């Protein structure tokens, strides 16, 4: 039975996350790695399968299923990052294709029940982090190889994975209104990933934007992982 990443109880959060990642590590070892490589056009060698996630290259060890950041193999990876990679390989349908139509999170298939948590734990921290810092957000989006679009004060299309474009929109605040932000998803994103994991991916996007801009607030505002809310 699939764990509900949004409703783990306070006393067992850390253990549940670690156990969940361990189960997914073992699940990866049961997958056909060659089919994964061919399905997503990934780099592969005898040791690892490689995937780019928000502009960073990760290696998935083919023998033990462990995921590491290629530029910093000793870095401890977040639950969100680990689960997003494993889930992409597991849930992507063989015929999944990018539809090219972007929709808000509440319109993602089967995601509506999680929209309040998404608003609170992803969009509000994104807006708060970059309020009065629109230029920093532009630089961060560009650092993630984003493509600018003419929407919002800042608007970019950024790939989570090569097969998974997201749209980041930001409107800065003024004396009357607080800053606002939104993240739009391809209408068929759940053909690639589980709907709950879409939240993990959005959370990782905010973290990566904060990292690339040199801002530290996002981690504390988000509690590092949305599931900890």
Scanning the range 109-143 for residues that are in contact with a helix residue (DSSP H, G or I) (Cβ under 6 Å, 6 or more places away or on another chain) and part of a loop (DSSP other than H, G, I, E, B), the one nearest to residue 178 (Cα to Cα) turns out to be 111
Of the residues in the range 1-49, those that are part of a loop (DSSP other than H, G, I, E, B) and modelled with pLDDT of 95 or more come to 31, 32, 41, 42, 45, 46, 47
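Taking the range 178-217, which residues are over 19 Å from residue 124 (Cα atoms) and touching a strand residue (DSSP E or B) at 6+ places or on another chain (Cβ under 7 Å)?
Pass one, the range 178-217, residues over 19 Å from residue 124 (Cα atoms): 186-195.
Result: 186, 187.
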Given the conditions (1) part of a strand (DSSP E or B); (2) touching a strand residue (DSSP E or B) at 6+ places or on another chain (Cβ under 6 Å), every one holds for residue 52 apart from (2)
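The values are calculated or read from the model by the stated rules, or taken from the named source; none is laboratory data. Everything numeric in this text was worked out from a predicted model, so none of it was measured. Here Cβ is always computed from backbone atoms with ideal geometry, including for glycine, and neighbour counts include all displayed protein chains.
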